[in-house]
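No value in this document is a laboratory result; all are computed from the given coordinates. Small disclaimer: the values here were computed from a predicted structure and weren't measured. Positions of Cβ are generated from backbone atoms using ideal geometry, with glycine treated the same way; all protein chains shown enter the neighbour counts.
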Amino acid sequence: MKYSWMILIGAGAAMLAAGADLPGFRLWSNTELKGYEKKLAAKTDKAKLASEAFGALGNNAKAQISHREGNGEAEIHEMVQDFFVVESGEATLVVGGQVVNSHQSAPNEMRGPSIKGGESKKLSAGDIVCIPAKMPHQLLVADGKQFTYFVIKVTK
């Protein structure tokens, strides 16, 4: 019995070493992600935001990397939970409360200029945040600062 497990493990290791197809597997190396700060900084729009989509992760999730050099809008995703992994810089995340002057920006998505009554959380490199669906949130980036973060969006 031990021998058959060793053969199976050895065969699996050989397949990995040979580059066998691993459906659904994706690795973003630290080196790869660090390179996005400068790449995206050169592409920021008038909202001081640039993002690059990494595509679907299975049937209900997708990944992207975003870079901000200014405040974002307040948002509410009715069906999407956000996970942020802070790569570099610092920002303040305002969560909870109510979105001021909210309007529908896309199906199941609300936006507005700010949040009233939310809690402020300081974010910096290495922090990981989970924002549940239906929770108002807004990223604030101080003048002259930059903030780069990896995002996974999971749809309910």
| Counting chymotrypsin sites (Phe, Trp or Tyr not before Pro) as exposed when in a DSSP loop with at most 14 other beta carbons within 10 Å, what is the longest stretch of the chain free of them? | 29-156
| task | Among Leu27, Tyr149, Gly112, flag the residue with its Cα farthest along the positive direction of the charge dipole of the stretch 24-155, charges on Cβ as +1 for Lys/Arg and -1 for Asp/Glu. | result | Leu27
| Sorted by Cβ neighbour density within 10 Å, fewest at the top, the residues Val100, Val94 | Val100, Val94
| request: Please state the charge dipole magnitude for the chain, taken about the Cα centre, from unit charges on C-beta atoms (+1 on K and R, -1 on D and E), reported in debye and rounded to the nearest 20. | output: 100
| remark: The local net charge around Ala56, scoring Lys/Arg +1 and Asp/Glu -1 for residues other than Ala56 whose Cβ lies under 14 Å from its Cβ, equals +3
| said: What is the sum of charges, Lys and Arg at +1 and Asp and Glu at -1, for the other residues whose Cβ falls under 14 Å from the Cβ of Ala106? | reply: -2
| query | Taking Cα atoms, how many degrees apart are the long axis of helix 2-17 and the longest axis of the chain, rounded to 10 and kept between 0 and 90? | reply | 50
